[in-house]
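The values are calculated or read from the model by the stated rules, or taken from the named source; none is laboratory data. Remember, it's a predicted structure, so these values are computed and weren't measured experimentally. Note: ideal-geometry Cβ built from the backbone for every residue, glycine included; neighbour counts use all protein chains shown. Side chains included, ligands, DNA and RNA excluded: accessible areas come from the protein's heavy atoms. Shrake-Rupley method; radii C 1.70, N 1.55, O 1.52, S 1.80 Å.
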Amino acid sequence: MSATGAVRKRGKPASGAGAGAGAGKLRRKGDSSGDKGKSKGGGKMNEEISSDSETESLVPPAHSLVPRRNEEEEAEELEETAQEKKLRLAKLYLEQLKQQEEEKAEAREFEEDQVAGRLKEDVLEQRGRLQKSVAKEIQAPDPADIRILRGHQLSITCLVITPDDLAIFSAAKDCTIIKWSVESGRKLHVIPRAKKGAEGQPSGHSSHVLCMAISSDGKYLASGDRSKLILIWEAQSCQHLYTFTGHRDAVSGLAFRRGTHQLYSTSHDRSVKVWNVAENSYVETLFGHQDAVAALDALSRECCVTAGGRDGTVRVWKIPEESQLVFYGHQGSIDSIQLINEEHMVSGADDGSVALWGLSKKRPLALQREAHGLRGELGLEQPFWVSSVAALLNTDLVATGSHSNSVRLWQCGEGFRQLDLLCDIPLVGFINSLKFSSAGDFLVAGVGQEHRLGRWWRIKEARNSVCIIPLHRAPRPPTAGS
């Protein structure tokens, strides 16, 4: 029997469509072997070799069975992964949607908390009870960081900071007003002393400037002097606009009502006057103090507070009702006062005490005696006068000045019922004026060799200057979960 016959006997008949199809199937499974046989020779021998190789390929060796099964399993796994992929992507998409919704809900909750907190602050501010806790974050300033601006020849008596914290106005016993740049420390403008009877001279003061105030929009600057005059200036250009007359003695206190151009003034003539600066008009006069009034302050409400000097009272004037509230607490002359918020204020007196007040009580909520210590010989000690006070609006941070060679920072306790010392800032001379910036990042002190209201002492080593004290806050500890 020929080789061809043997092959046909072992396999199916070569003729017919079935044989062709079977050969085609065998060739697709082992086409690489068939191609290899063709390349070696031609004719029947070539066909026989090809047929034998194809037949052998039907029964693969034992070592090739495992890889083939793996390939089939991988194919099945690939088919299953492709089927499951849609389900997996659908689950992933749903998880992403759920996560996004949770994040949106958290963001909405956070925003609602912020809005609620802001509304609560606004309500407390309107009620005059807002007390933000910032004092504990303040770090003791480095004396080397204090910037000293010199330009006045005599003692600084008062100063104000523009609402944008970019400029400072200072006034002194030399009758001049200087506008300073906070950033560079340079003079932006000088309003010189006006000579009495001289014509053609620029408008200015001819006597000691005792007080100043700037409107909350930064448009108007008001200054008062010992000559009973109130001068109104355009704050940007320092151009003189109006002169208010009416007080019968030195003008000792000025304040604008926040958000308006209504001006309050007080004087050693014991009166409080109300003016409308925008309309260049006088409104009314209020009486009540029994001695020269030393200082005045106001915020948003239609009222102002005054320090009554040697009559020993602090008074709150309700302008619409034309009434007043009287408070007692200091033993000496009350020379300085400032509102902390609409319901609380701080004052300083020459008996060395600092008092915190609430409008609901006629006595101080807290009284710190000998706030700057004692001076004099043993057995004859007297407290250092508190010549100036300042408060960072709606917070618990207060500053006081004297001639004890330091400015002191204090923290108000909860409900303004306690006053705790934070730190001393060394400054030589009489601290005649103190002001915090709106943002609370610096404190400005007006320093002189003499007290702003007299010449009881003279500190020769002091420099008549404006001092800018930077206030740095300690970083807050990270909250849980941050």
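At a glance:
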read-out	value
Dipole of the range 195-275 [Lys/Arg +1, Asp/Glu -1 at C-beta], most positive-end residue of Q262, V272, H240	V272
Highest average packing first - 267-278, 320-331, Cβ atoms within 10 Å	267-278, 320-331
Per-residue SASA entry for I425, accessible area with 1.4 Å probe, Å² rounded to 10	0
The range 199-247, accessible surface, carbon-and-sulfur percent (1.4 angstrom probe)	41
Separation of the N276 and L166 label points, Cα + 7 Å toward Cβ, nm	3.0
Unit charges at the beta carbon, dipole of the range 346-482: most positive-side option, G429, G376, L359	L359
Sum of side-chain charges, A307 neighbourhood, beta-carbon under 14 Å (Lys, Arg +1; Asp, Glu -1)	-2
Solution diffusion estimate, µm²/s, Stokes-Einstein, the range 398-441, Kirkwood Rh from C-alpha pairs, 10 °C, viscosity 1.306 mPa s	139
Estimated dipole of the range 132-209 in Debye, rounded to 20 [Cβ of Lys and Arg +1, of Asp and Glu -1, Cα centre]	340
FRET E, pair L89, E111, Förster distance 25 Å, beta-carbon r, rounded to 0.05	0.20
Leading residue at positive end of dipole, the range 375-482 (Cβ point charges), from A439, N394, N464	N464
Ranked packing of 400-408, 298-306, 364-372, most packed first, by mean Cβ within 10 Å	400-408, 298-306, 364-372
Length gained when the stretch R186-E381 is fully extended (0.36 nm per residue, less Cα-Cα span)	66.1 nm
Cβ charges +1 (Lys, Arg) and -1 (Asp, Glu), total dipole of the range 277-417, debye	360
Anisotropy class of the range 371-467 from Cα gyration tensor, a/c 1.5 cut	oblate
